[in-house]
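The values are calculated or read from the model by the stated rules, or taken from the named source; none is laboratory data. It should be emphasised that the depicted structure is a prediction, and the values quoted were computed from it without experimental measurement. Heads up, the Cβs are rebuilt from the backbone with ideal geometry, glycines too, and the neighbour counts pull from every protein chain shown.
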Amino acid sequence: MKHIDEYRDGALARAMAAVIAREAVAARSYRFMEFCGGHTHAISRYGIEDLLPANVQMIHGPGCPVCVLPIGRIDDAIHLAMRPEVTLCTYADLMRVPASAGHSLLKAKAAGADIRMVYSTLDAIRIAEAEPGREVVFFAIGFETTTPPTALAIRLARRKRLTNFSVFCNHVLTPSAIRAILDTPDVRVDGFVGPAHVSTVIGTDPYAAIAAAYRKPVVVAGFEPLDVVQAILMLIRQINEGRHEVQNQYIRAVTAGGNRIAQSEMAEIFERRPWFEWRGLGELALSALRLREAYADLDAERRFDVETVPAADNPACECGAILRGVKKPAECKLFGTVCSPEMPMGSCMVSPEGACAAHWTYGRFRDAAKAGAESARV
Amino acid sequence: MCLAIPIRVEELLGDDMARVMLGGVSKVISIALLEDVRIGDYVLLHAGFALTRLDQDEAARTLALMHEAAVPGLAVAEGDRA
C-alpha cells in the first residue's frame with residue numbers, strides 16, 4: 001500500500017457516486033464547501049463535480065493561503081526584498097502573486113532583488129548559515145500545516161545563534177476562517193468538507209464547537225478523489241438524518257487531538273494577532289499568528305519596522321466574492337480575458353489550488369462541453 | 001500550499017532527520033514533529049517535514065469502508081459505462 005493509487009480508483013468513485021445520487025433527496029439541494037485549496041484542486045482535476053447529481057453542489061472555500069494573503073503583505077515582502085542587505089526566501093507559490101502597481105516578487109527578482117525560492121524552511125536556515133553577510137528573511141505563509149516547519153526553523157535559528165535570520169510571519173488559522181464564512185450573510189453552506197493536512201496538526205476537536213454552534217456538519221477528508229467522494233456521501237447522510245457532527249474520513253492520518261508536538265512548538269513560538277486582514281474576508285479577530293515577545297529578535301516585522309499599508313484589489317477582480325463562495329470563477333469579468341495563470345490579475349488565479357486557476361486548468365473544458373452539447377440540441 | 005505526500009522512511013540519520021526516496025531521488029527530511037519514527041513507516045511529507053504517520057490499519061479500514069459503501073452503486077455504475 002503506497003497510499004496514493006488506491007484512492008484514485010475510477011470504478012469505485014463511480015459506484016460511490018451512484019450511491020450519492022440514490023441517497024441525495026431530490027426535493028432538496030446540498031451546498032457543501034470544501035475549505036481547502038487541495039480539495040478544490042482534487043475536485044477539478046478528477047472531475048468529481050461531474051459525478052455528483054445536480055442538486056449536490058460544491059462551493060470553493062478560502063483555504064488557499066496564497067489566495068487569502070492581502071496585497072499589502074505582498075507589498076511588504078517586496079519592500080523587504082528590495083533592501084540591498086536582504087535575501088528573501090519564499091515558497092515558489094508566492095512569486096507571481098500580483099502586488100500593488102503591477103508588481104510581484106518575480107518582477108522584483110528580475111529587477112535585481114535577491115529573492116530565492118526554497119522548498120523548506122530548513123533551506124532558508126542553510127542559506128543564512130552559508131552567507132553570514134546577508135540578512136536572510138523567510139516569507140512565512142500558510143495555515144496550520146505550514147506553521148510547524150516555520151516554528152522549528154525559528155527554534156533552530158535560536159539554537160544556532162543565527163543573527164542574520166528572521167521570519168516575516170503571515171500564518172493564519174483555519175477555524176477563524178470557517179467561522180468568518182459562516183458569519184457572512186450572503187453565504188449559504190449546508191456543510192463542510194474539512195481540511196486534510198491542517199487537521200493532521202490541529203486534529204478534529206477544534207471543529208466541534210463550530211459544528212455545534214452553527215449546526216453544520218464537518219467531515220474531515222483526505223485530498224485524494226475517493227476521500228472527497230466518501231466525505232460528500234458522509235455529509236449527505238448527516239444532512240438527511242438531521243445531524244451536524246464532526247466526522248473523520250481521513251482516519252489514516254488525522255486523530256481527534258492532532259499532532260501534539262507540532263502544537264506545542266507553535267504555542268512556544270507564536271501568539272495570536274489581535275487582527276489580521278484576509279483577502280475576501282476582511283479584518284478577522286484572532287485569526288493569525290505573530291512571533292512572541294521572547295522571539296522578537298527573529299521577527300522581521302520588528303527588525304525592519306514593517307508597517308503594512310492596506311492596498312486595494314483590482315476593482316474588477318472578484319477574488320473576494322469567489323473566496324467567500326458567493327461567486328464562481330466564470331462569473332468574473334476578468335476570468336479568461338485578461339486574467340489567466342500566465343498573467344494573473346488576482347490571487348485565485350495564481351496558485352494551482354486557487355478556485356480560478358483550478359477552473360481555468362480543468363473546469364472550463366467541462367463548461368465548454370456542456371455548452372457544446374446544448375447548442376447541438378438547439 | 002498544504003500539499004503533502006505519503007512517503008516511506010528508508011533510513012534514520014539521527015538528529016531528527018531521516019532519508020526517504022522520492023521518485024528515485026534520495027531526500028533528507030526532518031522527523032522532529034513525530035515520535036518514534038521507524039524504518040518502513042509511511043509519513044506525510046510537507047515542505048521537508050514529516051507531519052504525521054500514516055496508520056496502515058486505518059488505511060485498510062478506509063478502503064474497506066469505501067468498497068462497502070460502493071456496493072449498492074456498483075450495478076448502476078457498470079450500467080452507466082455499458
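Remarks
- Lone unmet requirement of (1) within 18 Å of the chain's Cα centre (by Cα); (2) on the phi < 0 side of the Ramachandran plot for A:Asp205: (1)
- Annotation: of all residues in region A:12-41 being among the small types (Gly, Ala, Ser) and at pLDDT below 95, the one that is farthest from A:Leu226 (Cα to Cα) is A:Gly37.
- Of all residues in region A:245-254, exactly one satisfies the criterion of being assigned to a loop (DSSP other than H, G, I, E, B) and of a type in the set (S, T, N, Q), namely A:Gln249.
- The residues of region A:108-147 that are of a type in the set (Lys, Arg) and more than 17 Å from A:Asp299 (Cα to Cα), listed by number, are A:Lys109, A:Arg116, A:Arg126.
- Residues in region A:221-242 that are touching a strand residue (DSSP E or B) at 6+ places or on another chain (Cβ under 6 Å) and either under 25 Å from B:Ile5 (Cα atoms) or basic (Lys, Arg) (or both): A:Ala221, A:Ala231, A:Met234.
- Helices (runs of 4 or more DSSP H) wholly inside region A:52-128 that include at least 3 residues being at pLDDT below 95 and within 14 Å of chain B (Cβ to nearest Cβ): A:65-68
- Considering region A:178-206, and only residues there that are assigned to a helix (DSSP H, G or I) and away from chain B (no Cβ under 13 Å), the residue that is surrounded by the fewest Cβ atoms within 10 Å (Cβ to Cβ) turns out to be A:Asp183.
- Inter-residue pairs, beta-carbon under 7 Å, first under 17 Å from A:Thr90 (Cβ atoms) and in region A:130-152, second assigned to a loop (DSSP other than H, G, I, E, B) and polar (S, T, N, Q), 6+ apart: A:Arg134/A:Asn164; A:Glu135/A:Asn164; A:Val136/A:Asn164; A:Pro149/A:Ser120
- Any chance A:Arg292 is of a type in the set (D, E, K, R) and surrounded by fewer than 22 Cβ atoms within 10 Å (Cβ to Cβ): yes
- Restricting attention to region B:29-71, the residues that are within 9 Å of another protein chain (Cβ to nearest Cβ) and touching a residue at least 12 places away in the same chain (Cβ under 8 Å) total 15.
- Residue in region A:255-274 that is touching a strand residue (DSSP E or B) at 6+ places or on another chain (Cβ under 6 Å), in a strand (DSSP E or B) and among the charged types (D, E, K, R) present: no
- Residues satisfying the stated conditions in region A:224-244, i.e. surrounded by fewer than 22 Cβ atoms within 10 Å (Cβ to Cβ), assigned to a helix (DSSP H, G or I) and charged (D, E, K, R): A:Arg237
- Restricting attention to region A:78-102 and to residues that are within 22 Å of the chain's Cα centre (by Cα) and of a type outside the set (A, V, I, L, M, F, W, C), the residue that is farthest from A:His171 (Cα to Cα) turns out to be A:Ser100.
- Helices (runs of 4 or more DSSP H) wholly inside region A:276-378 that include at least 2 residues being charged (D, E, K, R) and within 24 Å of A:Tyr91 (Cα to Cα): A:300-303
- Note on region A:134-147: residues that are in contact with a Phe, Trp or Tyr (Cβ under 9 Å, 6 or more places away or on another chain) and part of a loop (DSSP other than H, G, I, E, B) amount to 1.
- Single unsatisfied condition, A:Thr150 versus (1) within 14 Å of chain B (Cβ to nearest Cβ); (2) outside any helix (DSSP H, G or I): (2)
- Count of region A:24-48 residues which are surrounded by fewer than 15 Cβ atoms within 10 Å (Cβ to Cβ) and part of a helix (DSSP H, G or I): 1
- Qualifying residue in region A:165-175 (condition: out of contact with any His (no Cβ under 7 Å at 6 or more places or on another chain), surrounded by fewer than 24 Cβ atoms within 10 Å (Cβ to Cβ) and hydroxyl-bearing (Ser, Thr, Tyr)): no
- The numbered conditions (1) surrounded by fewer than 18 Cβ atoms within 10 Å (Cβ to Cβ); (2) outside the structural domain of A:Ala231 (by TED's automatic domain parsing) are all true for A:Asp93 except (1).
- Within region A:175-197, the set of residues being touching a residue at least 12 places away in the same chain (Cβ under 8 Å) and out of contact with any strand residue (DSSP E or B) (no Cβ under 7 Å at 6 or more places or on another chain) comprises A:Pro175, A:Arg179, A:Leu182, A:Thr184, A:Asp186, A:Val187.
- Contacts under 6 angstrom Cβ, first residue in region A:104-127 being not assigned by TED's automatic domain parsing to the domain that holds A:Ala77, partner modelled with pLDDT of 95 or more and of a type in the set (Gly, Ala, Ser), 6 or more apart: none
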